[in-house]
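Report on one structure; see the data block that follows.
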Amino acid sequence: MKSTNNFRIFLTLFLDSTTKKFLVGVLVGLAFSIAVILSTVGIMDGFERALRHGLKKSAGDITMKYSNGFFTVNERLKKELEDAEVKNYAPMIETESFLIFNDESRGVQIKAINPVYGRVVGIPLNLEPHTVGIGSEIARINKIAIGDEIVLAFGKGGDEFKNMPTLKRFKVAQIVTHGVFQKDARIVYTRLDEVQALLGLASKVNIIAFNIDRTKLGSGNDLQAIEAKLTDLRMRFEPEFYFKPYWREYGSLIEAVQAEKVLISLILQLIVVISVFNVLALIYFINEKKSKELFLFKALGLSKKSMNNLWIKLVMMMWVVACVLSIAFVQLFRLMLLKLPFFALPAEVYHMPRIDIYLSLFDYVMVFALALVWMLLITYYLLRKLRNKSLLEGLRQEFA
(Lines give C-alpha, C1' and ligand atoms only; values in the text may rest on other atoms or scores of the structure.)
Protein backbone atom coordinates (compact mmCIF):
# COMPACT_ATOMS: atom_id res chain seq x y z
CA MET A 1 0.00 0.00 0.00
CA LYS A 2 2.83 2.36 0.91
CA SER A 3 4.63 1.68 -2.33
CA THR A 4 1.42 2.41 -4.27
CA ASN A 5 0.98 5.73 -2.47
CA ASN A 6 4.60 6.65 -3.10
CA PHE A 7 4.19 5.84 -6.77
CA ARG A 8 1.13 8.08 -6.99
CA ILE A 9 2.99 10.91 -5.27
CA PHE A 10 5.90 10.57 -7.71
CA LEU A 11 3.48 10.65 -10.63
CA THR A 12 1.93 13.82 -9.27
CA LEU A 13 5.30 15.51 -8.77
CA PHE A 14 6.68 14.60 -12.21
CA LEU A 15 3.48 14.91 -14.20
CA ASP A 16 4.36 18.05 -16.19
CA SER A 17 6.87 18.09 -19.05
CA THR A 18 9.16 20.73 -17.49
CA THR A 19 9.86 18.61 -14.41
CA LYS A 20 10.34 15.51 -16.58
CA LYS A 21 12.92 17.28 -18.74
CA PHE A 22 14.70 18.58 -15.63
CA LEU A 23 14.77 15.04 -14.20
CA VAL A 24 16.13 13.55 -17.44
CA GLY A 25 18.81 16.25 -17.64
CA VAL A 26 19.89 15.62 -14.04
CA LEU A 27 20.03 11.85 -14.58
CA VAL A 28 22.03 12.13 -17.81
CA GLY A 29 24.45 14.64 -16.23
CA LEU A 30 24.98 12.48 -13.15
CA ALA A 31 25.42 9.32 -15.25
CA PHE A 32 27.88 11.06 -17.56
CA SER A 33 30.00 12.31 -14.64
CA ILE A 34 30.11 8.83 -13.09
CA ALA A 35 30.99 7.36 -16.51
CA VAL A 36 33.87 9.84 -16.90
CA ILE A 37 35.41 8.61 -13.64
CA LEU A 38 34.80 4.96 -14.53
CA SER A 39 36.33 5.46 -17.99
CA THR A 40 39.39 7.23 -16.55
CA VAL A 41 40.00 4.42 -14.07
CA GLY A 42 39.26 1.85 -16.78
CA ILE A 43 41.65 3.41 -19.29
CA MET A 44 44.50 3.41 -16.78
CA ASP A 45 43.72 -0.14 -15.64
CA GLY A 46 43.36 -1.18 -19.26
CA PHE A 47 46.71 0.37 -20.16
CA GLU A 48 48.46 -1.35 -17.25
CA ARG A 49 46.78 -4.66 -18.00
CA ALA A 50 47.63 -4.53 -21.72
CA LEU A 51 51.21 -3.48 -20.96
CA ARG A 52 51.70 -6.32 -18.48
CA HIS A 53 50.14 -8.80 -20.89
CA GLY A 54 52.37 -7.66 -23.75
CA LEU A 55 55.51 -7.77 -21.61
CA LYS A 56 54.65 -11.23 -20.34
CA LYS A 57 54.24 -12.46 -23.92
CA SER A 58 57.88 -11.56 -24.55
CA ALA A 59 59.49 -12.95 -21.38
CA GLY A 60 57.29 -15.31 -19.34
CA ASP A 61 56.86 -14.62 -15.61
CA ILE A 62 60.55 -14.42 -14.65
CA THR A 63 63.88 -14.33 -16.49
CA MET A 64 67.06 -15.78 -15.05
CA LYS A 65 70.53 -14.55 -16.06
CA TYR A 66 74.03 -15.68 -15.23
CA SER A 67 76.26 -13.07 -13.60
CA ASN A 68 79.18 -13.92 -15.95
CA GLY A 69 77.33 -13.99 -19.28
CA PHE A 70 76.81 -17.34 -21.01
CA PHE A 71 76.29 -20.62 -19.15
CA THR A 72 75.32 -24.24 -19.77
CA VAL A 73 72.12 -25.75 -18.45
CA ASN A 74 73.84 -28.81 -16.96
CA GLU A 75 72.41 -31.54 -14.75
CA ARG A 76 73.34 -29.70 -11.55
CA LEU A 77 71.43 -26.58 -12.62
CA LYS A 78 68.45 -28.67 -13.76
CA LYS A 79 68.36 -30.32 -10.32
CA GLU A 80 68.50 -26.93 -8.59
CA LEU A 81 65.66 -25.63 -10.74
CA GLU A 82 63.63 -28.75 -9.96
CA ASP A 83 64.23 -28.26 -6.23
CA ALA A 84 63.04 -24.65 -6.62
CA GLU A 85 59.84 -25.98 -8.28
CA VAL A 86 60.71 -24.36 -11.63
CA LYS A 87 59.34 -26.79 -14.19
CA ASN A 88 58.13 -24.88 -17.24
CA TYR A 89 61.34 -23.12 -18.37
CA ALA A 90 63.04 -22.35 -21.68
CA PRO A 91 66.79 -21.68 -22.14
CA MET A 92 67.45 -19.04 -24.78
CA ILE A 93 69.96 -16.56 -26.16
CA GLU A 94 69.21 -12.85 -26.23
CA THR A 95 71.54 -10.69 -28.29
CA GLU A 96 71.59 -7.62 -30.52
CA SER A 97 71.72 -7.67 -34.30
CA PHE A 98 70.96 -5.70 -37.45
CA LEU A 99 68.13 -6.69 -39.74
CA ILE A 100 68.78 -5.92 -43.43
CA PHE A 101 65.96 -5.85 -45.99
CA ASN A 102 65.81 -4.02 -49.34
CA ASP A 103 69.06 -2.16 -48.59
CA GLU A 104 67.59 -0.84 -45.33
CA SER A 105 68.80 -1.86 -41.89
CA ARG A 106 67.46 -1.52 -38.36
CA GLY A 107 68.70 -2.59 -34.95
CA VAL A 108 66.78 -5.54 -33.53
CA GLN A 109 66.85 -7.79 -30.49
CA ILE A 110 67.39 -11.45 -31.32
CA LYS A 111 65.67 -14.05 -29.18
CA ALA A 112 67.07 -17.45 -30.07
CA ILE A 113 64.55 -19.94 -28.73
CA ASN A 114 63.64 -23.61 -28.59
CA PRO A 115 60.07 -25.00 -29.00
CA VAL A 116 59.42 -24.82 -25.23
CA TYR A 117 59.64 -21.01 -25.27
CA GLY A 118 56.34 -20.67 -27.15
CA ARG A 119 54.56 -22.57 -24.37
CA VAL A 120 56.19 -20.42 -21.68
CA VAL A 121 55.12 -17.07 -23.15
CA GLY A 122 51.87 -18.26 -24.70
CA ILE A 123 52.78 -17.51 -28.34
CA PRO A 124 52.71 -20.31 -30.96
CA LEU A 125 56.30 -20.16 -32.25
CA ASN A 126 57.16 -23.10 -34.49
CA LEU A 127 60.23 -22.16 -36.49
CA GLU A 128 61.58 -24.41 -39.19
CA PRO A 129 65.35 -24.35 -40.00
CA HIS A 130 66.52 -21.04 -41.50
CA THR A 131 63.29 -19.24 -40.66
CA VAL A 132 62.47 -16.40 -38.26
CA GLY A 133 59.49 -14.72 -36.62
CA ILE A 134 59.50 -10.92 -36.60
CA GLY A 135 57.55 -8.33 -34.62
CA SER A 136 54.47 -6.88 -36.30
CA GLU A 137 55.83 -3.31 -36.22
CA ILE A 138 59.04 -4.41 -37.92
CA ALA A 139 56.91 -5.94 -40.67
CA ARG A 140 54.80 -2.80 -40.98
CA ILE A 141 57.63 -0.25 -40.92
CA ASN A 142 59.95 -2.18 -43.24
CA LYS A 143 57.11 -3.58 -45.38
CA ILE A 144 58.14 -7.19 -44.79
CA ALA A 145 55.66 -9.99 -45.52
CA ILE A 146 55.64 -13.69 -44.71
CA GLY A 147 57.84 -15.49 -47.23
CA ASP A 148 60.28 -12.58 -47.69
CA GLU A 149 63.97 -13.14 -47.04
CA ILE A 150 65.93 -10.97 -44.61
CA VAL A 151 69.57 -10.86 -43.54
CA LEU A 152 70.67 -10.74 -39.90
CA ALA A 153 74.12 -9.45 -38.94
CA PHE A 154 75.61 -11.09 -35.84
CA GLY A 155 78.75 -10.04 -34.01
CA LYS A 156 81.47 -12.74 -34.34
CA GLY A 157 83.14 -13.90 -31.16
CA GLY A 158 86.27 -15.52 -32.64
CA ASP A 159 89.70 -13.89 -32.25
CA GLU A 160 90.54 -13.78 -35.94
CA PHE A 161 87.30 -12.18 -37.10
CA LYS A 162 86.13 -10.49 -33.90
CA ASN A 163 85.54 -7.18 -35.71
CA MET A 164 83.68 -8.76 -38.63
CA PRO A 165 79.93 -9.45 -38.48
CA THR A 166 78.45 -12.76 -39.51
CA LEU A 167 75.67 -12.38 -42.07
CA LYS A 168 72.96 -15.01 -42.25
CA ARG A 169 69.94 -15.12 -44.56
CA PHE A 170 66.57 -16.20 -43.13
CA LYS A 171 63.04 -16.57 -44.43
CA VAL A 172 60.22 -14.83 -42.56
CA ALA A 173 57.82 -17.55 -41.38
CA GLN A 174 55.79 -15.70 -38.74
CA ILE A 175 54.74 -12.16 -37.82
CA VAL A 176 54.33 -11.92 -34.05
CA THR A 177 52.23 -9.38 -32.15
CA HIS A 178 52.99 -8.78 -28.46
CA GLY A 179 50.78 -5.71 -28.02
CA VAL A 180 53.62 -3.41 -26.91
CA PHE A 181 55.10 -1.21 -29.63
CA GLN A 182 58.70 -1.38 -28.40
CA LYS A 183 58.59 -5.18 -28.42
CA ASP A 184 56.86 -5.46 -31.78
CA ALA A 185 59.35 -2.98 -33.29
CA ARG A 186 62.49 -4.77 -32.04
CA ILE A 187 62.14 -8.50 -31.44
CA VAL A 188 63.15 -11.15 -33.99
CA TYR A 189 62.79 -14.83 -33.06
CA THR A 190 65.25 -17.39 -34.38
CA ARG A 191 66.06 -21.02 -33.64
CA LEU A 192 68.36 -21.53 -30.66
CA ASP A 193 70.50 -24.24 -32.28
CA GLU A 194 71.21 -22.07 -35.35
CA VAL A 195 72.37 -19.05 -33.33
CA GLN A 196 74.50 -21.25 -31.07
CA ALA A 197 76.20 -22.65 -34.18
CA LEU A 198 76.67 -19.19 -35.74
CA LEU A 199 78.24 -17.73 -32.61
CA GLY A 200 80.24 -20.84 -31.73
CA LEU A 201 78.56 -21.23 -28.34
CA ALA A 202 78.00 -25.01 -28.41
CA SER A 203 75.09 -25.55 -25.99
CA LYS A 204 75.49 -22.32 -24.00
CA VAL A 205 72.70 -19.80 -23.37
CA ASN A 206 72.51 -16.49 -21.51
CA ILE A 207 68.87 -16.45 -20.27
CA ILE A 208 66.28 -18.84 -18.91
CA ALA A 209 62.63 -17.74 -19.15
CA PHE A 210 60.05 -19.54 -17.04
CA ASN A 211 56.64 -19.36 -15.41
CA ILE A 212 55.71 -19.94 -11.80
CA ASP A 213 53.51 -22.86 -10.82
CA ARG A 214 49.93 -21.53 -11.05
CA THR A 215 48.57 -24.49 -9.07
CA LYS A 216 50.21 -23.14 -5.89
CA LEU A 217 49.08 -19.52 -6.04
CA GLY A 218 46.79 -19.83 -3.01
CA SER A 219 44.62 -16.83 -2.25
CA GLY A 220 47.08 -14.23 -3.57
CA ASN A 221 47.19 -12.84 -7.08
CA ASP A 222 49.76 -13.40 -9.81
CA LEU A 223 51.92 -10.41 -8.93
CA GLN A 224 52.17 -11.34 -5.26
CA ALA A 225 53.00 -14.92 -6.18
CA ILE A 226 55.74 -13.81 -8.57
CA GLU A 227 57.23 -11.47 -5.94
CA ALA A 228 57.23 -14.31 -3.40
CA LYS A 229 58.87 -16.64 -5.92
CA LEU A 230 61.53 -14.05 -6.71
CA THR A 231 62.45 -13.83 -3.04
CA ASP A 232 62.80 -17.60 -2.83
CA LEU A 233 64.89 -17.82 -6.03
CA ARG A 234 67.25 -15.04 -4.96
CA MET A 235 67.91 -16.80 -1.68
CA ARG A 236 68.70 -20.02 -3.56
CA PHE A 237 70.76 -18.79 -6.53
CA GLU A 238 72.30 -15.36 -5.85
CA PRO A 239 74.98 -14.14 -6.44
CA GLU A 240 75.67 -16.67 -9.23
CA PHE A 241 72.36 -15.88 -10.97
CA TYR A 242 70.04 -12.90 -10.81
CA PHE A 243 66.31 -12.70 -11.58
CA LYS A 244 63.82 -10.11 -12.74
CA PRO A 245 60.04 -10.19 -13.26
CA TYR A 246 58.57 -9.53 -16.68
CA TRP A 247 57.45 -5.99 -15.73
CA ARG A 248 60.83 -4.77 -14.40
CA GLU A 249 61.71 -2.92 -17.61
CA TYR A 250 58.56 -0.79 -17.32
CA GLY A 251 58.24 -0.83 -13.53
CA SER A 252 58.50 2.95 -13.13
CA LEU A 253 55.85 3.57 -15.77
CA ILE A 254 53.44 1.09 -14.14
CA GLU A 255 53.94 2.69 -10.71
CA ALA A 256 53.33 6.15 -12.19
CA VAL A 257 50.09 4.98 -13.83
CA GLN A 258 48.87 3.51 -10.53
CA ALA A 259 49.62 6.73 -8.64
CA GLU A 260 48.03 8.94 -11.30
CA LYS A 261 44.91 6.77 -11.35
CA VAL A 262 44.24 7.46 -7.67
CA LEU A 263 45.03 11.18 -7.96
CA ILE A 264 42.91 11.77 -11.08
CA SER A 265 40.00 9.77 -9.64
CA LEU A 266 39.99 12.00 -6.55
CA ILE A 267 40.11 15.17 -8.66
CA LEU A 268 37.28 13.96 -10.89
CA GLN A 269 35.07 13.57 -7.83
CA LEU A 270 34.44 17.30 -8.30
CA ILE A 271 32.46 16.45 -11.44
CA VAL A 272 30.22 14.13 -9.44
CA VAL A 273 29.77 16.75 -6.71
CA ILE A 274 28.65 19.32 -9.30
CA SER A 275 26.20 16.80 -10.78
CA VAL A 276 24.87 16.01 -7.31
CA PHE A 277 24.17 19.71 -6.81
CA ASN A 278 21.89 19.39 -9.83
CA VAL A 279 19.97 16.78 -7.84
CA LEU A 280 19.72 19.34 -5.04
CA ALA A 281 18.45 21.92 -7.54
CA LEU A 282 15.84 19.44 -8.81
CA ILE A 283 14.44 18.85 -5.34
CA TYR A 284 14.34 22.59 -4.65
CA PHE A 285 12.62 23.08 -8.00
CA ILE A 286 9.97 20.48 -7.15
CA ASN A 287 9.42 22.04 -3.74
CA GLU A 288 8.79 25.42 -5.29
CA LYS A 289 6.85 24.34 -8.39
CA LYS A 290 4.80 21.70 -6.62
CA SER A 291 4.36 23.53 -3.32
CA LYS A 292 0.57 23.35 -3.51
CA GLU A 293 0.56 19.59 -4.10
CA LEU A 294 3.09 19.05 -1.31
CA PHE A 295 0.97 21.15 1.04
CA LEU A 296 -2.08 19.05 0.23
CA PHE A 297 -0.15 15.84 0.91
CA LYS A 298 0.87 17.21 4.31
CA ALA A 299 -2.63 18.43 5.05
CA LEU A 300 -4.00 14.97 4.23
CA GLY A 301 -1.71 13.39 6.82
CA LEU A 302 1.70 12.92 5.17
CA SER A 303 4.16 13.38 8.04
CA LYS A 304 7.55 15.08 7.80
CA LYS A 305 9.22 11.72 8.36
CA SER A 306 7.27 10.19 5.48
CA MET A 307 8.14 13.16 3.28
CA ASN A 308 11.83 12.80 4.15
CA ASN A 309 11.67 9.09 3.34
CA LEU A 310 10.03 10.02 0.04
CA TRP A 311 12.93 12.31 -0.92
CA ILE A 312 15.48 9.66 0.12
CA LYS A 313 13.72 7.06 -2.05
CA LEU A 314 13.73 9.51 -4.94
CA VAL A 315 17.46 10.11 -4.53
CA MET A 316 18.16 6.36 -4.30
CA MET A 317 16.14 5.68 -7.46
CA MET A 318 18.01 8.46 -9.28
CA TRP A 319 21.31 6.96 -8.13
CA VAL A 320 20.35 3.49 -9.40
CA VAL A 321 19.22 4.83 -12.78
CA ALA A 322 22.34 7.01 -13.09
CA CYS A 323 24.59 4.00 -12.34
CA VAL A 324 22.88 1.92 -15.03
CA LEU A 325 23.12 4.78 -17.52
CA SER A 326 26.80 5.30 -16.66
CA ILE A 327 27.53 1.66 -17.57
CA ALA A 328 25.94 2.30 -20.96
CA PHE A 329 28.06 5.46 -21.37
CA VAL A 330 31.22 3.49 -20.49
CA GLN A 331 30.43 0.91 -23.17
CA LEU A 332 29.89 3.72 -25.67
CA PHE A 333 33.23 5.32 -24.73
CA ARG A 334 34.93 1.91 -25.04
CA LEU A 335 33.49 1.38 -28.52
CA MET A 336 34.69 4.83 -29.59
CA LEU A 337 38.21 4.20 -28.22
CA LEU A 338 38.50 0.90 -30.06
CA LYS A 339 36.85 1.80 -33.37
CA LEU A 340 37.09 5.51 -34.20
CA PRO A 341 40.31 6.61 -36.01
CA PHE A 342 40.24 9.87 -34.07
CA PHE A 343 41.14 7.98 -30.87
CA ALA A 344 44.11 6.10 -32.34
CA LEU A 345 47.27 6.81 -30.32
CA PRO A 346 50.86 7.28 -31.49
CA ALA A 347 52.20 3.87 -30.44
CA GLU A 348 55.76 5.20 -30.20
CA VAL A 349 54.67 7.42 -27.29
CA TYR A 350 51.93 5.39 -25.60
CA HIS A 351 53.47 1.93 -26.26
CA MET A 352 50.28 0.66 -27.96
CA PRO A 353 48.01 2.00 -30.73
CA ARG A 354 44.73 1.44 -28.86
CA ILE A 355 43.83 1.43 -25.19
CA ASP A 356 40.89 -0.63 -24.01
CA ILE A 357 38.78 0.13 -20.93
CA TYR A 358 39.13 -2.53 -18.25
CA LEU A 359 37.06 -2.29 -15.06
CA SER A 360 36.91 -4.75 -12.20
CA LEU A 361 33.93 -5.23 -9.90
CA PHE A 362 35.84 -3.30 -7.22
CA ASP A 363 36.16 -0.29 -9.55
CA TYR A 364 32.41 -0.20 -10.13
CA VAL A 365 31.61 -0.60 -6.44
CA MET A 366 34.10 2.10 -5.41
CA VAL A 367 32.89 4.73 -7.92
CA PHE A 368 29.19 3.99 -7.41
CA ALA A 369 29.57 4.03 -3.62
CA LEU A 370 31.36 7.40 -3.64
CA ALA A 371 28.62 8.87 -5.83
CA LEU A 372 25.99 7.57 -3.39
CA VAL A 373 27.86 9.06 -0.42
CA TRP A 374 27.90 12.49 -2.07
CA MET A 375 24.22 12.25 -2.92
CA LEU A 376 23.22 11.22 0.59
CA LEU A 377 25.33 13.95 2.19
CA ILE A 378 23.74 16.68 0.08
CA THR A 379 20.27 15.15 0.55
CA TYR A 380 20.78 15.20 4.32
CA TYR A 381 21.68 18.90 4.11
CA LEU A 382 18.59 19.57 2.00
CA LEU A 383 16.23 17.70 4.31
CA ARG A 384 17.46 19.71 7.27
CA LYS A 385 16.62 22.89 5.38
CA LEU A 386 13.17 21.63 4.36
CA ARG A 387 12.40 20.43 7.88
CA ASN A 388 12.25 24.04 9.01
CA LYS A 389 9.52 24.82 6.53
CA SER A 390 6.21 25.04 8.43
CA LEU A 391 2.73 23.99 7.39
CA LEU A 392 1.57 27.63 7.72
CA GLU A 393 4.16 28.67 5.08
CA GLY A 394 2.76 26.04 2.77
CA LEU A 395 -0.76 27.30 3.45
CA ARG A 396 0.25 30.83 2.45
CA GLN A 397 1.76 29.48 -0.80
CA GLU A 398 -1.39 27.45 -1.46
CA PHE A 399 -3.68 30.45 -1.37
CA ALA A 400 -1.24 33.09 -2.63
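The values are calculated or read from the model by the stated rules, or taken from the named source; none is laboratory data. Computed from a prediction, not measured in an experiment: that's the story for all the values here. So basically every Cβ, Gly included, is an ideal-geometry build from the backbone, and we count neighbours across all protein chains shown. Please note that ligands, DNA and RNA were not included when accessible areas were found on the heavy atoms of the full protein model with its side chains. Shrake-Rupley method; radii C 1.70, N 1.55, O 1.52, S 1.80 Å.
Some notes on this structure:
- Relative frequency of Cα-Cα separations exceeding 15 Å in segment 59-122, percent: 63 percent
- The solvent-accessible area of residue 374, taken with every protein chain present and a 1.4 Å probe, is close to 90 Å².
- Accessible area (Å², 1.4 Å probe, nearest 10) - residue 75: 130 Å²
- Efficiency of FRET between residue 223 and residue 384 - r from beta-carbon atoms, R0 51 angstrom, step 0.05: 0.65
- Cα-Cα over 23 Å, subset of 111/339; 261/313; 20/313; 79/244; 87/244; 65/168: 111/339; 261/313; 65/168
- Semi-axes of the equivalent ellipsoid for segment 92-138, Cα gyration tensor, largest first, Å: 22, 11, 10
- Positive minus negative residues near residue 261 (Lys, Arg vs Asp, Glu; Cβ under 13 Å): -4
- Stretched out straight at 0.36 nm per residue, the stretch from residue 177 to residue 264 would grow longer than its current Cα-Cα span by 28.2 nm.
- Residue 130 contributes an accessible area of around 100 Å² to the protein surface, as traced by a 1.4 Å probe with all chains present.
- Surrounding net charge for residue 58, when Lys and Arg each add one and Asp and Glu each subtract one, Cβ distance under 10 Å: +3
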